[in-house]
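Presented below is the structure to which this report refers.
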Amino acid sequence: MGQTPQVTFRKMTVKDVFDVAEIEFNSFNLPWTLEDFWYETVRKDSESVVGEIEGKIVAYACVWISFGEADVANIAVEKNYRGKGIGTKLFAEIIRRIKLRDVNGITLEVRVSNTAAIKLYEKFGLRGVGVRKGYYEDGEDALIMWNTKI
(Lines give C-alpha, C1' and ligand atoms only; values in the text may rest on other atoms or scores of the structure.)
Protein backbone atom coordinates (compact mmCIF):
# COMPACT_ATOMS: atom_id res chain seq x y z
CA MET A 1 0.00 0.00 0.00
CA GLY A 2 2.89 2.39 0.59
CA GLN A 3 2.99 5.47 2.76
CA THR A 4 -0.27 7.34 3.29
CA PRO A 5 -0.07 10.86 1.85
CA GLN A 6 -0.59 13.80 4.22
CA VAL A 7 -4.29 14.60 4.01
CA THR A 8 -6.05 17.50 5.69
CA PHE A 9 -9.78 17.54 6.28
CA ARG A 10 -12.24 20.40 6.48
CA LYS A 11 -15.91 21.15 6.09
CA MET A 12 -17.15 21.10 2.50
CA THR A 13 -18.06 24.56 1.13
CA VAL A 14 -19.95 25.78 -1.91
CA LYS A 15 -16.58 26.48 -3.58
CA ASP A 16 -15.76 22.75 -3.37
CA VAL A 17 -18.84 21.51 -5.21
CA PHE A 18 -17.30 21.34 -8.70
CA ASP A 19 -14.22 19.43 -7.50
CA VAL A 20 -16.31 17.05 -5.40
CA ALA A 21 -18.74 16.47 -8.28
CA GLU A 22 -15.84 15.61 -10.60
CA ILE A 23 -14.73 12.85 -8.21
CA GLU A 24 -18.35 11.73 -7.96
CA PHE A 25 -18.86 11.63 -11.74
CA ASN A 26 -15.69 9.55 -12.15
CA SER A 27 -16.64 7.15 -9.33
CA PHE A 28 -20.30 6.24 -9.77
CA ASN A 29 -22.64 5.19 -12.57
CA LEU A 30 -25.51 7.25 -11.18
CA PRO A 31 -23.76 10.28 -9.65
CA TRP A 32 -25.20 12.96 -7.45
CA THR A 33 -25.77 16.31 -9.17
CA LEU A 34 -24.03 19.60 -8.51
CA GLU A 35 -27.22 20.71 -6.78
CA ASP A 36 -27.09 17.69 -4.46
CA PHE A 37 -23.61 18.67 -3.30
CA TRP A 38 -24.50 22.33 -3.03
CA TYR A 39 -27.39 21.38 -0.75
CA GLU A 40 -25.02 19.36 1.46
CA THR A 41 -23.03 22.53 2.16
CA VAL A 42 -26.04 24.35 3.62
CA ARG A 43 -28.14 21.72 5.36
CA LYS A 44 -27.85 21.67 9.14
CA ASP A 45 -28.28 17.90 9.46
CA SER A 46 -25.26 17.16 7.24
CA GLU A 47 -21.64 16.64 8.20
CA SER A 48 -19.91 17.01 4.84
CA VAL A 49 -16.13 16.83 4.67
CA VAL A 50 -13.44 17.10 2.00
CA GLY A 51 -9.92 15.73 2.16
CA GLU A 52 -7.10 17.67 0.51
CA ILE A 53 -3.53 16.95 -0.45
CA GLU A 54 -1.52 20.09 -1.19
CA GLY A 55 -4.73 22.05 -1.79
CA LYS A 56 -6.28 19.48 -4.18
CA ILE A 57 -9.53 17.81 -3.11
CA VAL A 58 -8.99 14.04 -3.32
CA ALA A 59 -11.84 12.70 -1.17
CA TYR A 60 -15.19 13.64 0.32
CA ALA A 61 -17.97 12.31 2.50
CA CYS A 62 -21.54 13.43 3.12
CA VAL A 63 -23.14 12.17 6.32
CA TRP A 64 -26.70 12.85 7.39
CA ILE A 65 -27.42 13.13 11.11
CA SER A 66 -30.81 12.47 12.61
CA PHE A 67 -32.03 11.36 16.05
CA GLY A 68 -28.53 10.63 17.35
CA GLU A 69 -27.54 8.49 14.38
CA ALA A 70 -25.43 9.12 11.31
CA ASP A 71 -26.12 7.81 7.81
CA VAL A 72 -23.18 7.90 5.41
CA ALA A 73 -24.97 9.06 2.27
CA ASN A 74 -21.99 9.45 -0.04
CA ILE A 75 -18.26 8.85 0.20
CA ALA A 76 -15.49 8.58 -2.38
CA VAL A 77 -11.77 8.90 -2.94
CA GLU A 78 -10.43 10.14 -6.28
CA LYS A 79 -9.34 7.14 -8.38
CA ASN A 80 -5.64 8.06 -8.50
CA TYR A 81 -5.52 8.23 -4.69
CA ARG A 82 -7.26 4.94 -3.85
CA GLY A 83 -5.36 2.22 -2.03
CA LYS A 84 -3.20 4.74 -0.15
CA GLY A 85 -5.06 4.78 3.18
CA ILE A 86 -6.98 7.98 2.47
CA GLY A 87 -10.37 6.27 2.83
CA THR A 88 -9.38 5.03 6.28
CA LYS A 89 -8.29 8.51 7.35
CA LEU A 90 -11.49 10.02 5.91
CA PHE A 91 -13.71 7.55 7.75
CA ALA A 92 -11.81 8.18 11.00
CA GLU A 93 -12.41 11.92 10.48
CA ILE A 94 -16.12 11.29 9.93
CA ILE A 95 -16.31 9.30 13.18
CA ARG A 96 -14.44 12.06 15.04
CA ARG A 97 -16.79 14.75 13.73
CA ILE A 98 -20.05 12.91 14.34
CA LYS A 99 -19.03 12.10 17.91
CA LEU A 100 -18.80 15.86 18.48
CA ARG A 101 -22.46 16.03 17.46
CA ASP A 102 -23.54 13.47 20.10
CA VAL A 103 -24.05 10.71 17.56
CA ASN A 104 -23.84 7.20 18.93
CA GLY A 105 -24.56 5.07 15.86
CA ILE A 106 -23.60 5.01 12.20
CA THR A 107 -25.12 3.22 9.22
CA LEU A 108 -24.57 2.96 5.47
CA GLU A 109 -25.30 0.86 2.42
CA VAL A 110 -22.49 -0.57 0.32
CA ARG A 111 -22.43 -2.73 -2.79
CA VAL A 112 -22.13 -6.39 -1.79
CA SER A 113 -19.29 -6.68 -4.34
CA ASN A 114 -17.28 -3.80 -2.82
CA THR A 115 -15.13 -5.93 -0.53
CA ALA A 116 -12.50 -3.20 -0.04
CA ALA A 117 -15.11 -0.79 1.33
CA ILE A 118 -16.73 -3.48 3.47
CA LYS A 119 -13.36 -4.31 5.04
CA LEU A 120 -12.75 -0.61 5.71
CA TYR A 121 -16.12 -0.19 7.44
CA GLU A 122 -15.54 -3.35 9.48
CA LYS A 123 -12.32 -1.77 10.83
CA PHE A 124 -14.59 0.86 12.40
CA GLY A 125 -16.91 -1.70 13.97
CA LEU A 126 -19.67 -1.68 11.37
CA ARG A 127 -21.29 -5.05 10.76
CA GLY A 128 -23.64 -6.30 8.07
CA VAL A 129 -27.18 -6.49 9.40
CA GLY A 130 -29.19 -7.04 6.23
CA VAL A 131 -29.41 -6.72 2.48
CA ARG A 132 -31.40 -4.34 0.29
CA LYS A 133 -32.23 -6.40 -2.79
CA GLY A 134 -31.70 -4.60 -6.11
CA TYR A 135 -30.73 -1.37 -4.33
CA TYR A 136 -28.41 -0.07 -7.06
CA GLU A 137 -29.45 1.06 -10.55
CA ASP A 138 -27.80 -2.00 -12.11
CA GLY A 139 -29.74 -4.34 -9.81
CA GLU A 140 -26.88 -5.14 -7.43
CA ASP A 141 -27.79 -5.67 -3.79
CA ALA A 142 -26.59 -3.40 -0.99
CA LEU A 143 -25.26 -4.65 2.31
CA ILE A 144 -26.71 -2.63 5.19
CA MET A 145 -24.03 -1.99 7.80
CA TRP A 146 -24.38 -0.58 11.32
CA ASN A 147 -22.33 0.28 14.36
CA THR A 148 -24.50 1.35 17.27
CA LYS A 149 -21.63 2.01 19.69
CA ILE A 150 -19.21 4.47 18.15
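The values are calculated or read from the model by the stated rules, or taken from the named source; none is laboratory data. Every value quoted in this text rests on a predicted model; they were computed, and no experiment measured them. Cβ sites come from the backbone with ideal geometry, for glycine too, and all protein chains shown count toward neighbours. In case anyone asks, the SASA skips ligands and DNA or RNA and just uses the protein heavy atoms, side chains included. Shrake-Rupley method; radii C 1.70, N 1.55, O 1.52, S 1.80 Å.
Here are the numbers for the structure shown:
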read-out: Strands (runs of 3 or more DSSP E) completely within segment 1-75 that count 2 or more residues being under 22 Å from Ile106 (Cβ atoms) and within 12 Å of the chain's Cα centre (by Cα); value: 46-53, 56-66
read-out: Candidate set from segment 119-145 (those that are under 14 Å from the mean Cα position of the chain (by Cα) and crowded, with 17+ Cβ neighbours inside 10 Å); member that is farthest from Gly68 (Cα to Cα); value: Leu120
read-out: Members of segment 59-96 found to be in contact with a strand residue (DSSP E or B) (Cβ under 6 Å, 6 or more places away or on another chain) and within 21 Å of Pro5 (Cα to Cα), listed by number; value: Ala59, Tyr60, Ala61, Ile75, Val77, Glu78, Tyr81, Ile86, Gly87, Leu90, Glu93, Ile94
read-out: Unmet criterion (only one of (1) in contact with a Leu (Cβ under 8 Å, 6 or more places away or on another chain); (2) on the phi > 0 side of the Ramachandran plot) for Val17; value: (2)
read-out: Close pairs from segment 69-85: first closer than 16 Å to Ser46 by Cα, partner basic (Lys, Arg) and open to solvent by 10 Å² or more (accessible area, probe 1.4 Å), Cβ under 9 Å, at least 6 apart; value: Ala70/Arg101
read-out: Residues (of a type outside the set (Ser, Thr, Tyr) and surrounded by fewer than 16 Cβ atoms within 10 Å (Cβ to Cβ)) located in segment 49-70; value: Glu54, Gly55, Lys56, Phe67, Gly68
read-out: Within segment 77-118, tally of residues that are surrounded by 15 or more Cβ atoms within 10 Å (Cβ to Cβ), of a type in the set (D, E, K, R) and in a loop (DSSP other than H, G, I, E, B); value: 3
read-out: Subset tally (residues that are touching a Gly at 6+ places or on another chain (Cβ under 9 Å), farther than 22 Å from Glu140 by Cβ and modelled with pLDDT of 95 or more) for segment 58-77; value: 5
